[in-house]
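The values are calculated or read from the model by the stated rules, or taken from the named source; none is laboratory data. Everything numeric here is computed off the predicted structure, so don't read it as measured data. Because the Cβ atoms are built from the backbone with ideal geometry, glycine has one as well, and the counts that use them run over all protein chains shown.
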Amino acid sequence: MRVVHFSTIHKPFDVRIFHKECRTLAAAGHEVHLLIPDPPVAERDGVHLHPLPLPRCSFRPKRIWRRLTRTFQLAWSLHGDVYHFHDPELIPVGLRLKQRGALVVYDAHEDSPREALAFNRRNPVRGYSQWAAWHCFEWAARRCFDAFVAATPFIADKFPAERTVCVHNYPCLDDFTSSPDWGQREHAVLYAGSITSIRGIREMIEAVHRVPQARLILIGEFAPADLLEETRQQPGWNKVEYLGWQTRSEAIQHYQRARIGLAILHPTPIFVDSLPNKLFEYMAAGLAVVASDFPSWRRILENFRCGLVVDPLDPRSVAEAIDYLLSHPDEAAAMGRRGREAALSHFNWDTEAKKLVKLYDQLSQPQRRAS
């Protein structure tokens with residue numbers, strides 16, 4: 001089939017959208033197009049990339065309207081058999097495409113209503129407005145769309161079971177073909193991903209400051225941007241190696257430098273029920289993991305004996321876990337090996353790719369297309 005993926009907020013080579021889903025569908029024989037802002041190339045790995053210019057306007061409602069209108073026009077011009085999109089704000093575009101007779105798939109990466117409240121705590125009016133909008137949009141989506149792809153079982157439960165598949169955001173094994181000897185790794189802990197207050201940036205820096213032998217390798221972009229200047233003032237920033245945004249291959253090289261991977265997200269509803277990609281990438285890279293003490297995360301780390309859980313709001317607890325692992329290299333190395341074995345056998349994209357391909361096989365059936 002001719003498949004059109006589109007997003008207005010993700011980067012051209014987003015790990016889930018491009019590296020996992022688009023490349024998987026192209027390898028399965030589908031003609032895959034990705035409509036995305038500012039793609040640097042027109043084609044890569046069998047995926048055709050198309051630029052999505054985003055209109056500029058100081059009046060926010062007008063800007064949003066123009067963005068949605070332009071996205072619909074460009075998506076429809078690609079003449080897809082299936083339209084697969086990744087942002088809750090694009091649900092109205094999906095409804096318009098469905099009205100035109102297309103097959104439409106909504107890929108829910110996050111619990112968007114909860115996320116709206118979590119990320120707008122300082123602006124509750126905006127937060128509850130977005131929460132209400134996403135609830136209304138998802139209600140309409142459940143009634144109309146052909147299929148849903150959810151990143152976690154918790155998100156999948158929000159959509160009709162007969163039209164929903166849970167495709168976990170597990171790492172691609174091709175990205176982690178080897179793991180360097182433990183002795184070659186630096187006495188460093190690593191965090192990779194979006195850098196925000198509720199993802200624990202302040203606690204990470206304070207924890208590293210408490211451990212004399214520890215350094216922090218920090219990969220990602222700060223949000224909001226002024227958070228960077230604030231954290232630069234923290235005691236312990238001199239022990240941070242801030243690398244900013246990195247390409248996929250560059251980030252993986254830095255994974256192999258460190259001994260510990262950090263995932264100390266705050267206990268907000270959107271994180272407690274999540275299964276973040278970084279957790280499994282740390283395991284695939286052979287890192288010992290220090291993670292928030294959430295029930296699902298604890299089960300994984302304890303069952304496979306590949307890390308420690310901590311109170312993410314207590315820098316002392318995080319520091320003690322880091323210090324213990326750096327002071328017991330043999331035990332930390334064993335955790336890294338067990339985590340990597342778990343990623344190779346359980347938590348990897350190969351299994352999830354089969355679910356996605358099966359969904360598209362079902363969508364391609366004549367009776368499904370006719371309905």
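Among the numbered criteria (1) more than 24 Å from ALA140 (Cβ to Cβ); (2) of a type outside the set (Phe, Trp, Tyr); (3) buried (at least 19 other Cβ atoms within 10 Å of the Cβ); (4) at pLDDT below 95, which single criterion is violated by ARG67?
Exception for ARG67: condition (1).
Sort out for me the strands (runs of 3 or more DSSP E) sitting completely within the stretch 1-81 that have 3 or more residues that are over 25 Å from GLN362 (Cβ atoms) and not charged (D, E, K, R).
Details: elements: 2-6, 31-36, 47-51.
In the stretch 1-81, 47-51 are the strands (runs of 3 or more DSSP E) which contain 3 or more residues that are over 25 Å from GLN362 (Cβ atoms) and not charged (D, E, K, R).
The rows are residues; the columns are (1) more than 28 Å from ALA108 (Cα to Cα); (2) without any contact (Cβ under 8 Å) to a residue 24 or more places away in the chain.
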residue: ALA207; (1), (2): yes, no
residue: LEU216; (1), (2): yes, no
residue: ALA225; (1), (2): no, yes
residue: VAL240; (1), (2): yes, no
residue: ALA263; (1), (2): no, no
residue: MET283; (1), (2): no, no
residue: ARG305; (1), (2): yes, no
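Determine whether ARG121 is within 20 Å of PRO312 (Cβ to Cβ), more than 21 Å from the chain's Cα centre (by Cα) and outside any strand (DSSP E or B).
yes
Would you mind stating whether ALA75 is small (Gly, Ala, Ser), in contact (Cβ under 8 Å) with a residue 40 or more places away in the chain and closer than 25 Å to HIS266 by Cα? Steps first, answer last, please.
Values: small (Gly, Ala, Ser): yes; in contact (Cβ under 8 Å) with a residue 40 or more places away in the chain: yes; closer than 25 Å to HIS266 by Cα: no.
When the stated conditions are applied, ALA75 does not pass them.
So which of ASP81, ASP107, ASP111 is among the charged types (D, E, K, R), touching a residue at least 60 places away in the same chain (Cβ under 8 Å) and either surrounded by fewer than 19 Cβ atoms within 10 Å (Cβ to Cβ) or not assigned by TED's automatic domain parsing to the domain that holds HIS48 (or both)? Walk me through how you get there before you give the answer.
Values: ASP107 fails: either surrounded by fewer than 19 Cβ atoms within 10 Å (Cβ to Cβ) or not assigned by TED's automatic domain parsing to the domain that holds HIS48 (or both); ASP111 fails: either surrounded by fewer than 19 Cβ atoms within 10 Å (Cβ to Cβ) or not assigned by TED's automatic domain parsing to the domain that holds HIS48 (or both).
Selected residue: ASP81, the only one of ASP81, ASP107, ASP111 that is among the charged types (D, E, K, R), touching a residue at least 60 places away in the same chain (Cβ under 8 Å) and either surrounded by fewer than 19 Cβ atoms within 10 Å (Cβ to Cβ) or not assigned by TED's automatic domain parsing to the domain that holds HIS48 (or both).
Which of the numbered conditions does LEU228 fail, given that it passes all the others? Conditions: (1) in a helix (DSSP H, G or I); (2) in contact with a strand residue (DSSP E or B) (Cβ under 8 Å, 6 or more places away or on another chain); (3) within 20 Å of ILE322 (Cβ to Cβ).
(3)
Take the residues in the stretch 223-263 that are over 18 Å from PRO276 (Cβ atoms) and of a type in the set (A, V, I, L, M, F, W, C); name whichever of them is farthest from the chain's Cα centre (by Cα). Don't jump to the end; show me each part of the working.
Step one: filter the stretch 223-263 for residues over 18 Å from PRO276 (Cβ atoms), giving 224-244, 247, 249-250, 253, 256-257, 259.
Right, trim to of a type in the set (A, V, I, L, M, F, W, C) and you get 225, 227-228, 237, 240, 243.
Details: ALA225: 20, LEU227: 21, LEU228: 21, TRP237: 26, VAL240: 23, LEU243: 19 Å.
Result: TRP237.
One residue is enough: does the stretch 328-337 have a residue meeting the conditions over 18 Å from VAL211 (Cβ atoms) and not small (Gly, Ala, Ser)?
Checked against the condition, which is being over 18 Å from VAL211 (Cβ atoms) and not small (Gly, Ala, Ser), the stretch 328-337 yields at least one hit.
Pull out all pairs, ordered by first then second residue, where Cβ-Cβ is under 6 Å, the residues are six or more apart or on different chains, the first lies in the stretch 32-52 and is closer than 15 Å to TYR83 by Cα and of a type in the set (Gly, Ala, Ser), and the second is modelled with pLDDT of 95 or more and in a loop (DSSP other than H, G, I, E, B).
From the stretch 32-52, no pairs qualify.
Of a type in the set (Lys, Arg) and farther than 20 Å from TYR360 by Cα, is that true of ARG142? Steps first, answer last, please.
Numbers: of a type in the set (Lys, Arg): yes; farther than 20 Å from TYR360 by Cα: no.
Considered against the rule, which asks whether it is of a type in the set (Lys, Arg) and farther than 20 Å from TYR360 by Cα, ARG142 comes out as no.
Going through the stretch 142-200 one residue at a time, which ones are in a loop (DSSP other than H, G, I, E, B), of a type in the set (Lys, Arg) and out of contact with any strand residue (DSSP E or B) (no Cβ under 9 Å at 6 or more places or on another chain)?
Of the stretch 142-200, the ones in a loop (DSSP other than H, G, I, E, B) are 145-146, 151-152, 157-160, 167-172, 176-181, 185-187, 193-194, 196, 200.
Among the residues that remain, those that are also of a type in the set (Lys, Arg) are: 158, 185.
Within the stretch 142-200, just ARG185 meets the criteria.
Which of the residues belonging to the stretch 235-252 are buried (at least 16 other Cβ atoms within 10 Å of the Cβ), at pLDDT below 95 and not small (Gly, Ala, Ser)?
Scanning the stretch 235-252 gives a single hit, ILE252.
Out of everything in the stretch 2-61 that is under 20 Å from LEU359 (Cβ atoms) and among the small types (Gly, Ala, Ser), what residue ends up being farthest from the chain's Cα centre (by Cα)?
GLY29
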